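In what follows, a single structure is set out as structure tokens and then discussed.
The values are calculated or read from the model by the stated rules, or taken from the named source; none is laboratory data. On a predicted model such as this, the values are computed, not experimentally measured, just so you know. Heads up, the Cβs are rebuilt from the backbone with ideal geometry, glycines too, and the neighbour counts pull from every protein chain shown. Surface areas here come from the heavy atoms of the whole protein model, side chains and all, with no ligands, DNA or RNA. Shrake-Rupley method; radii C 1.70, N 1.55, O 1.52, S 1.80 Å.
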Amino acid sequence: MKKSLLLLCFLAFFTACSDDSETQAVGDDNQLPVGNKVVLLKVDLLTNTFEGGKELAFPENDAFTLIYDYNPPGDFGDITLIYEEVSEPIFAGGIVWAGMGEMTYPESIDAPETFSTISSSVAQPAESQFESYFNEEFNFYYDNIDYNGIWSSVSNLAVVKEYRESNPDSKVNLYLYTPSVGVGDPADWDWFVILKN
């Protein structure tokens, strides 16, 4: 009797622990994103190296317009990218003249190795599908955007495949975050690729 009861308890515990089918990491190959989500993917400006990202959830809304609140740095400035239709931030960071600002929202990003990869890269969208956002002082970087290099750094991510399949006509939003300006170092700067599901 005790052995049967112990066996039943063990089986119940094992079943409860293993029945976690709804919990999946960002980028699992077998599930399209559910709900209204946006993913930020960080890419180094100079090397086009994928440095991590963050998936954010928002109230339901089919539309997706990015607006920004930019305060130029006299000494200290900042920028906030806002999902206009739901009035919520997507990204925020400080911009420092002759210094170094830092990203304040999201508070952190997930490491590159937490993102699942796929064997066949996602085809690069036409340049007309890219939308760029920038600090006005640095628009010279937008004369020669390396779309191919930026896209190549994220095109093998399962999350990119999922988002593009669920919303193939959406814009690929690019934002160049320049936390150091004036005598800023482009080695400190990063592109953020922003996709909506």
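The one condition from (1) over 16 Å from Asp190 (Cα atoms); (2) assigned to a helix (DSSP H, G or I); (3) at pLDDT 95 or above; (4) out of contact with any strand residue (DSSP E or B) (no Cβ under 9 Å at 6 or more places or on another chain) that Ser128 does not meet is (3).
Taken together, the residues in region 87-108 that are open to solvent by less than 80 Å² (accessible area, probe 1.4 Å) and in contact (Cβ under 8 Å) with a residue 40 or more places away in the chain amount to 12. Looking only at region 40-56, residues that are free of Cβ contacts under 8 Å to residues at least 60 places away in the same chain and surrounded by 12 or more Cβ atoms within 10 Å (Cβ to Cβ) come to 2 in all.
Listed here are the residues, each with its yes/no results for (1) assigned to a helix (DSSP H, G or I); (2) among the small types (Gly, Ala, Ser); (3) under 24 Å from Gly35 (Cα atoms); (4) at pLDDT below 90.
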{"residue": "Asn139", "(1), (2), (3), (4)": "yes, no, no, yes"}
{"residue": "Ile145", "(1), (2), (3), (4)": "no, no, no, yes"}
{"residue": "Gly149", "(1), (2), (3), (4)": "yes, yes, no, no"}
{"residue": "Ser152", "(1), (2), (3), (4)": "yes, yes, no, no"}
{"residue": "Lys161", "(1), (2), (3), (4)": "yes, no, yes, no"}
{"residue": "Asp169", "(1), (2), (3), (4)": "no, no, yes, no"}
{"residue": "Tyr175", "(1), (2), (3), (4)": "no, no, yes, no"}
{"residue": "Phe192", "(1), (2), (3), (4)": "no, no, yes, no"}
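Residues in region 156-197 that are of a type in the set (S, T, N, Q) and open to solvent by 10 Å² or more (accessible area, probe 1.4 Å): Asn156, Ser166, Asn167, Ser170, Asn197. Where strands (runs of 3 or more DSSP E) sit wholly within region 1-120, those with at least 2 residues that are modelled with pLDDT of 95 or more occupy 36-44, 50-58, 76-83, 88-97, 103-105.
Taken together, the criteria exclude Ser87 from residues that are of a type in the set (Gly, Ala, Ser), in contact with a Lys or Arg (Cβ under 7 Å, 6 or more places away or on another chain) and under 16 Å from Lys37 (Cα atoms).
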